Amino acid sequence: MSLKSSETPGFALREATEHDDQAVHEVVTAAFGHHDGVGDLWTEVIDRRLVRASIVAVEGDEIVGHVGVSHAWLDARRALVEVWMLSPLSTRPDRQRRGIGTALVVAAIEAGRASGVPALFIEGSPSFYGARGFKSASARGFVPASARTPDLAFQVVTFDAHEEWMTGALVYHDVWWEHDSAGLRDPGLAELEELLGQSRTHVR
Ligand SMILES: CC(C)(COP(=O)(O)OP(=O)(O)OC[C@H]1O[C@@H](n2cnc3c(N)ncnc32)[C@H](O)[C@@H]1OP(=O)(O)O)[C@@H](O)C(=O)NCCC(=O)NCCS
């Protein structure tokens, strides 16, 4: 994968290397907070060789943003299909709202497109990701890995390699369950559903 520098002045994107692991952990932890353990989750994704793309935003020598993309499966009737999932996406708090997150999402989508994988999934804000190329995954017939994933949060970008039969349930590797990082739990889930005015969580 080759990345062009961002056209936005002030930062550039490049692929992460193993020398960046510590700095990436710090950026992810700064963005999500220590209590969430998302930095540790990404370290385990690296250790288990599940990384499919890892892109950093840099200002000079400093890493100020990161997007991680990892391996998952789609449990289609005909075959188990490799797909990618985008998570985590992190911009250091003091560098947010300057376009870094958007540039990282665009780069992750381009990496997926270039790889020949059929689909890239995300559980996240429909306003943020919907404005950056993602569409409702359940509307395309995909089923989230957890029944606790709010329907609106379950989104996908499909690529040329996607074929009509490639539908079914998204399956996460154990690391996501060990970190309890699939879907939402109450009270946050209940609060979100109340905010939406009805239960939109996917029900299987
Ligand atoms: C989400 C995040 C990566 C965005 O990074 P960023 O560099 O600020 O992104 P950009 O500057 O390209 O875009 C900023 C936009 O994202 C919006 N945004 C930020 N967090 C958001 C969220 N959780 N839900 C919806 N929109 C969000 C901002 O309101 C802003 O909107 P605007 O452009 O209309 O003003 C950053 O806020 C972050 O690291 N948050 C903490 C970790 C996180 O929640 N990651 C995403 C998990 S799915």
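The values are calculated or read from the model by the stated rules, or taken from the named source; none is laboratory data. Source: prediction; values computed, not measured. No Cβ is skipped: glycine too gets one built from the backbone with ideal geometry, and neighbour counts run over all protein chains shown. Side chains included, ligands, DNA and RNA excluded: accessible areas come from the protein's heavy atoms. Shrake-Rupley method; radii C 1.70, N 1.55, O 1.52, S 1.80 Å.
General observations
- Leu13, sole failed condition from (1) away from the ligand (no atom under 14 Å from the Cβ); (2) out of contact with any His (no Cβ under 7 Å at 6 or more places or on another chain); (3) modelled with pLDDT of 95 or more; (4) within 24 Å of Phe159 (Cα to Cα): (1)
- Failed condition for Ala190, given (1) in contact (Cβ under 8 Å) with a residue 24 or more places away in the chain; (2) part of a helix (DSSP H, G or I): (1)
- Test: residue in region 42-62 that is touching a residue at least 60 places away in the same chain (Cβ under 8 Å), in a helix (DSSP H, G or I) and either more than 9 Å from the ligand (Cβ to nearest atom) or open to solvent by 30 Å² or more (accessible area, probe 1.4 Å) (or both): yes
- Filtering region 12-19 for residues that are surrounded by fewer than 17 Cβ atoms within 10 Å (Cβ to Cβ), outside any helix (DSSP H, G or I), hydroxyl-bearing (Ser, Thr, Tyr) and on the phi < 0 side of the Ramachandran plot leaves a non-empty set.
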